[in-house]
Amino acid sequence: MCPELLSVPVGTITAALRFLTDEAGVPAEDLPRVLRRRPRLLVSPVAARLRPTLYFLRALGVPDLPRRADLLSFSVEDKLLPRIEFLESLGLPSRAARSMARRFPALFYYGIDGNMRPKAEYLLGDMARDADDLFEFPEYFSYALATRIAPRHEACAARGVRMPLPAMLRPGDDKFRATLAGCVGSTPPRRRSPLWHAYWVDDAGEVEEIGAASQP
């Protein structure tokens, strides 16, 4: 819901619609979907909000912006930059933090104190990992801490297994348990090993069964 729509001048709405199609490249047939998802776009001033955010996201290199047009209503100063700065505060270089946001723009939707900070603290503390793991897998922030991240980490720790984050978090429960059972007493491949991706997470995002990489 966007109560401001009831009082915003018609000219503001018209200007926003024109901007979305003419400058942001949103196809006219996609406008209903975009506006249902983010009606606030219609009350966002073009010069003060929509255009600066578009330029920032383009400079950042975020791909397929017409499909992510709902991001355009976010403030660069109040919403986008603080998330990049938070990633930098974890010890990531500015270039790495911006790369994470470019590869996984959903980061801009997550709250810092309610989402990103507790998950980062858990990873750096309880999981004894470092910020490089976040750089490799920014999707980590999309998983629930209490019901996905912590239980799976604890299950791995209880068996002395350290999985790459994608292998630990992406698969469904049955696949995760089967993979974990096969990992006990084994050593996972190094991240830079050519076996790491094929052995742990296939191109569809599914975890391969142990030994699958060695099968003909």
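The values are calculated or read from the model by the stated rules, or taken from the named source; none is laboratory data. As the structure is a computational prediction, the values presented were derived from the model and not from experiment. Here the Cβ is made from the backbone with ideal geometry for all residues, glycine too, and neighbour counts use every protein chain on show.
Taken together, P171, P188, P216 contain a single residue that is over 26 Å from R37 (Cβ atoms), surrounded by 13 or more Cβ atoms within 10 Å (Cβ to Cβ) and modelled with pLDDT under 90, which is P188. Selection of the range 35-46 for residues being surrounded by 14 or more Cβ atoms within 10 Å (Cβ to Cβ) and charged (D, E, K, R) yields R38, R40. Can you say whether T12 is surrounded by fewer than 18 Cβ atoms within 10 Å (Cβ to Cβ), hydroxyl-bearing (S, T, Y), part of a helix (DSSP H, G or I) and without any contact (Cβ under 8 Å) to a residue 24 or more places away in the chain, as far as the supplied structure shows? When the stated conditions are applied, T12 does not pass them. For A101, the conditions (1) farther than 26 Å from D70 by Cβ; (2) buried (at least 18 other Cβ atoms within 10 Å of the Cβ) all hold with the exception of (1).
Residues to consider are P32, P52, P27; find the one that is touching a residue at least 12 places away in the same chain (Cβ under 8 Å), over 30 Å from A150 (Cα atoms) and surrounded by fewer than 14 Cβ atoms within 10 Å (Cβ to Cβ). One residue alone meets the criteria, P27. Output yes when any residue across the range 72-91 is at pLDDT 95 or above and touching an Asp or Glu at 6+ places or on another chain (Cβ under 8 Å), and no when none is. Yes, the range 72-91 contains a residue that is at pLDDT 95 or above and touching an Asp or Glu at 6+ places or on another chain (Cβ under 8 Å).
A Cβ distance below 6 Å, combined with a sequence gap of six or more or placement on separate chains, defines the contacts here; from the range 70-89, residues that are among the basic types (K, R) reach residues that are modelled with pLDDT of 95 or more in the pairs R83/L107; R83/F108.
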